Amino acid sequence: MKRAETLLVSVLLAVSALGATTQGAFAYTGDVWSNSDSFTARCLGFTDTYPQQLYSLTTGQMGALGYQPITGALGSSFTRSAFLSEVFYDYAVYVHSHGDNYWASSGRPNVDSAIMQDPGPTRCSDFSKDAIRSSTIKSTTIGTPYNLVIMSTCNLGSSSSTMPNAFQIEMTKASTQREFYLGYAYLTYDSSELRFERAFWSYLNGAPNHQRTLYQAFTYAVGIGGYSAPDSADPFQPNWWGNPNYNGTPG
Amino acid sequence: MSRTRSTSAVKAVLAAATVVVGLAMSTGQLTAASFTDGGFDSKGTDTARAGQPVVTDTVLSADDSPEVFARADAARDALGFPVGSKKAGRHVKDGFQNSDYDEVAEVGSSGQPLAITQFDGDGRLLAAVRFDAPSGPQVKVTSDAAARAAQRGLAGTGLTVGGAPRIDANTLTGGWDVHWDRVQDGFAVRGDETRVHVWQDGRIESVARVEHKLAAAPSRRLGQVEAQEAVALQVDAWSSGEDTSYAVQGMDVEWVGPNAMFEPSKVGAAPGPYRLAWVANIKPSGPASEYVRLITLYVDAGNGAVIGGDIVE
């Protein structure tokens with residue numbers, strides 16, 4: 001029954017999406033989103049370059065892994081509506097933004113993790129206007145599977161995060177599905193995210209024919225060390241769930 | 001969680017259906033009233049890859065580079081890493097990390113690497129990582145036992161460390177992170193360390209030695225008052241005309257890597273040697289505090305110039 005419902009909804013979505021893309025049969029879309037307008041001189045008094053650096057790194061490396069086309073946005077086109085209208089079709093999703101595990105609308109202790117959309121060129125981030133809740137993402141992805149989800153934010157790799165479930169990725173390290181979720185467990189410096197993700201991609205894409213696994217790349221990137229942390233309560237601890245034997249290629 | 005591959009098939013069907021309709025449109029059988037890209041900044045893969053760092057390698061053989069393989073064997077055994085059915089050696093130019101190293105992988109019968117060891121041009125261990133995972137319930141060793149295991153492993157690989165390590169429980173893995181943070185001329189070198197990840201059963205998962213080149217220390221170092229003035233000047237500039245204001249939480253002298261945090265023109269530039277700097281932790285208040293937890297500013301300890309920083313979003 002669930003399958004039938006999913007198919008029906010999917011067909012309706014397909015009809016509504018006609019003309020949204022002609023990028024090719026069996027395209028394995030990867031979306032890369034980075035919030036940059038919140039981190040400009042207009043909002044902070046200086047322009048933070050990390051959103052651009054992480055966006056550029058990921059668009060290239062996700063493409064090298066086989067996802068095509070790579071869409072998404074750096075900056076003002078990273079809106080909630082754009083994210084939600086695209087996410088169903090994605091096989092891989094990357095977000096660099098502010099992220100946290102917020103109380104759900106039902107109140108504590110229930111958590112509903114969220115990321116912040118880019119606020120655009122006239123505002124700065126505001127949770128009440130910009131949050132994209134995991135519950136909303138969950139209702140949009142309607143059971144469809146995802147190969148690779150990377151939340152390059154604070155806190156969404158913690159065990160209390162509800163973001164993996166929004167993409168149907170079970171919080172286990174022994175999945176046999178083609179799925180992998182990566183996030184950071186605590187507050188994390190952007191420089192550490194950039195160092196980690198560079199190492200992750202360099203190992204994963206550093207050998208021909210996608211012969212390495214995401215778990216190996218994760219373990220390698222953790223293993224090289226050299227990560228600064230904001231304080232002792234927030235050690236640098238990336239985390240993952242999914243299939244330890246999966247190489248990350250789409251499909 | 002139950003789910004089937006049917007949803008993946010749905011995505012494929014949707015993609016195919018989209019193409020069919022796209023073809024129909026292109027032949028004039030349907031008319032698209034409004035055919036937008038939805039405002040996305042689409043990137044073709046080739047375009048996106050332009051300017052990307054790359055990893056290049058050359059194969060190392062045991063016959064041509066016996067010393068590299070001998071070092072790798074010694075490190076593997078010292079760390080208790082698994083022995084593969086064969087080895088694979090390579091010299092790597094890693095454009096992501098701006099480093100060159102020799103790497104030997106222990107390769108299992110399935111062709112997958114079981115562990116790797118990496119050495120710099122002087123033959124010193126840079127990193128060692130095993131890729132298997134502990135299985136089944138384990139007895140958890142104490143932090144002291146983890147530190148002893150780490151010290152034994154390092155000694156066996158020829159790495160020397162001094163003083164007592166910092167030992168952090170890894171809340172995610174249940175193991176221990178044992179590290180010796182690098183200090184030069186009495187000042188911490190930000191991020192530099194010798195670090196050992198120890199599984200909760202006491203076996204070593206990885207070793208890393210991170211050691212950046214350091215510039216000469218400035219002949220005259222800014223005093224705390226001068227440094228506070230330099231930081232205040234910067235913070236005042238950030239605060240002007242915005243609701244957001246900043247408060248300096250603390251300052252310390254460290255060796256830091258200059259970076260492009262505040263200077264877009266320096267993104268992609270080759271990293272220079274670490275410099276001695278005053279490092280200020282700064283908290284925003286006002287609207288920005290909702291999405292920025294901390295800003296860290298590096299001010300050159302010699303001339304007071306801003307040379308980089310960091311941010312916690």
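Within the stretch A:45-57, can one find any residue that is within 11 Å of chain B (Cβ to nearest Cβ), surrounded by fewer than 22 Cβ atoms within 10 Å (Cβ to Cβ), closer than 25 Å to A:HIS210 by Cβ and among the aliphatic types (A, V, I, L, M)?
Taking every residue of the stretch A:45-57 in turn, none turns out to be within 11 Å of chain B (Cβ to nearest Cβ), surrounded by fewer than 22 Cβ atoms within 10 Å (Cβ to Cβ), closer than 25 Å to A:HIS210 by Cβ and among the aliphatic types (A, V, I, L, M).
Looking at (1) under 13 Å from A:PHE39 (Cα atoms); (2) of a type in the set (Asp, Glu); (3) touching a strand residue (DSSP E or B) at 6+ places or on another chain (Cβ under 8 Å), find the lone condition where B:GLU290 falls short.
Checking B:GLU290 against (1) under 13 Å from A:PHE39 (Cα atoms); (2) of a type in the set (Asp, Glu); (3) touching a strand residue (DSSP E or B) at 6+ places or on another chain (Cβ under 8 Å), the one that fails is (3).
Working only within the stretch B:83-99, note down all residues that are of a type in the set (A, V, I, L, M, F, W, C), buried (at least 18 other Cβ atoms within 10 Å of the Cβ) and assigned to a loop (DSSP other than H, G, I, E, B).
B:PHE96
Looking at the stretch B:104-117, which of its residues are open to solvent by less than 30 Å² (accessible area, probe 1.4 Å) and either in contact (Cβ under 8 Å) with a residue 40 or more places away in the chain or of a type in the set (A, V, I, L, M, F, W, C) (or both)?
Hits for the stretch B:104-117 are B:VAL104, B:ALA105, B:VAL107, B:ALA115, B:ILE116, B:THR117.
Helices (runs of 4 or more DSSP H) wholly in the stretch A:161-251 with at least 3 residues that are within 9 Å of chain B (Cβ to nearest Cβ) and among the polar types (S, T, N, Q) - which ones?
Passing ranges, in order: A:190-204.
Can we say B:GLY80 is modelled with pLDDT of 95 or more, on the phi > 0 side of the Ramachandran plot and open to solvent by 40 Å² or more (accessible area, probe 1.4 Å)?
For B:GLY80, the condition - modelled with pLDDT of 95 or more, on the phi > 0 side of the Ramachandran plot and open to solvent by 40 Å² or more (accessible area, probe 1.4 Å) - is met.
Can you report the number of residues in the stretch B:133-146 which are open to solvent by less than 50 Å² (accessible area, probe 1.4 Å) and at pLDDT 90 or above?
Residues in the stretch B:133-146 being open to solvent by less than 50 Å² (accessible area, probe 1.4 Å) and at pLDDT 90 or above: 4 in total.
For the stretch A:150-168, which positions are of a type in the set (S, T, N, Q) and over 10 Å from the mean Cα position of the chain (by Cα)?
A:ASN155, A:SER158, A:SER159, A:SER160, A:SER161, A:THR162, A:ASN165, A:GLN168 - these are the residues of the stretch A:150-168 that are of a type in the set (S, T, N, Q) and over 10 Å from the mean Cα position of the chain (by Cα).
Conditions (1) more than 27 Å from A:PHE200 (Cβ to Cβ); (2) surrounded by fewer than 19 Cβ atoms within 10 Å (Cβ to Cβ), marked per residue:
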position	(1), (2)
A:GLU86	no, no
A:ALA104	yes, yes
A:PRO119	yes, no
A:SER134	no, no
A:THR141	no, no
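Looking at the stretch A:157-183 only, could you name the residues that are open to solvent by 10 Å² or more (accessible area, probe 1.4 Å) and of a type in the set (Asp, Glu)?
Listed by number, the list holds a single entry, A:GLU170.
Does at least one position in the stretch B:216-227 carry a residue that is away from chain A (no Cβ under 11 Å), touching a Phe, Trp or Tyr at 6+ places or on another chain (Cβ under 6 Å) and touching a residue at least 60 places away in the same chain (Cβ under 8 Å)?
So far as the stretch B:216-227 goes, yes, one or more of its residues are away from chain A (no Cβ under 11 Å), touching a Phe, Trp or Tyr at 6+ places or on another chain (Cβ under 6 Å) and touching a residue at least 60 places away in the same chain (Cβ under 8 Å).
Hey, does the stretch B:193-203 have a residue that's surrounded by fewer than 21 Cβ atoms within 10 Å (Cβ to Cβ), of a type in the set (Lys, Arg), touching a helix residue (DSSP H, G or I) at 6+ places or on another chain (Cβ under 8 Å) and in contact (Cβ under 8 Å) with a residue 24 or more places away in the chain?
Checking the stretch B:193-203: at least one residue is surrounded by fewer than 21 Cβ atoms within 10 Å (Cβ to Cβ), of a type in the set (Lys, Arg), touching a helix residue (DSSP H, G or I) at 6+ places or on another chain (Cβ under 8 Å) and in contact (Cβ under 8 Å) with a residue 24 or more places away in the chain.
Just checking, does the stretch A:107-116 include any residue being within 10 Å of another protein chain (Cβ to nearest Cβ) and either crowded, with 24+ Cβ neighbours inside 10 Å or at pLDDT below 95 (or both)?
Yes; the residues of the stretch A:107-116 include at least one that is within 10 Å of another protein chain (Cβ to nearest Cβ) and either crowded, with 24+ Cβ neighbours inside 10 Å or at pLDDT below 95 (or both).
The values are calculated or read from the model by the stated rules, or taken from the named source; none is laboratory data. Remember, it's a predicted structure, so these values are computed and weren't measured experimentally. We place every Cβ from the backbone using ideal geometry, glycine too, and count neighbours over all the protein chains shown. To get the accessible areas, we keep the full protein, side chains included, count just its heavy atoms, and leave off ligands, DNA and RNA. Shrake-Rupley method; radii C 1.70, N 1.55, O 1.52, S 1.80 Å.
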